[in-house]
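Enquirer: Please see the structure below; I have some questions.
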Amino acid sequence: MEKSSLALFRRDFHKRLTRKRNVTLRLGYLDEENGRSKIKDPKIERKLISGSIRVDELEEADYIYHAVTAQDIISSIKIRWLG
């Protein structure tokens, strides 16, 4: 089976990344049912908890989408173990 140049590049790129320390590759798809939004900046989170700001004052840029899948955990363990 012939591989496209993009597929060959991606495979080589991922192989090289896995040789680097402290790199985790996300393989697969995000599971939206298990994902959650997280406030990026701990200072903003503290202001929200203290009541200095309200939830409706937060902007989309204040959040990050965070999803952990079984594949992420397995990849992370393998890379740390190999690193």
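Enquirer: Across region 6-39, what is the number of residues that are modelled with pLDDT of 80 or more, of a type in the set (Lys, Arg) and surrounded by fewer than 12 Cβ atoms within 10 Å (Cβ to Cβ)?
Expert: Counting residues in region 6-39 that are modelled with pLDDT of 80 or more, of a type in the set (Lys, Arg) and surrounded by fewer than 12 Cβ atoms within 10 Å (Cβ to Cβ) gives 5.
Enquirer: Now, a different point. Got a number for residues in region 42-53 being outside any helix (DSSP H, G or I) and either among the basic types (Lys, Arg) or exposed (fewer than 12 other Cβ atoms within 10 Å of the Cβ) (or both)?
Expert: 2
Enquirer: Would you check if there is a residue in region 53-62 being at pLDDT below 70 and out of contact with any Leu (no Cβ under 8 Å at 6 or more places or on another chain)?
Expert: no
The values are calculated or read from the model by the stated rules, or taken from the named source; none is laboratory data. Here the structure is a predicted model, which means the values were calculated and not measured. Using ideal geometry, Cβ is built from the backbone for each residue, glycine included, and neighbour counts are taken over all protein chains shown.
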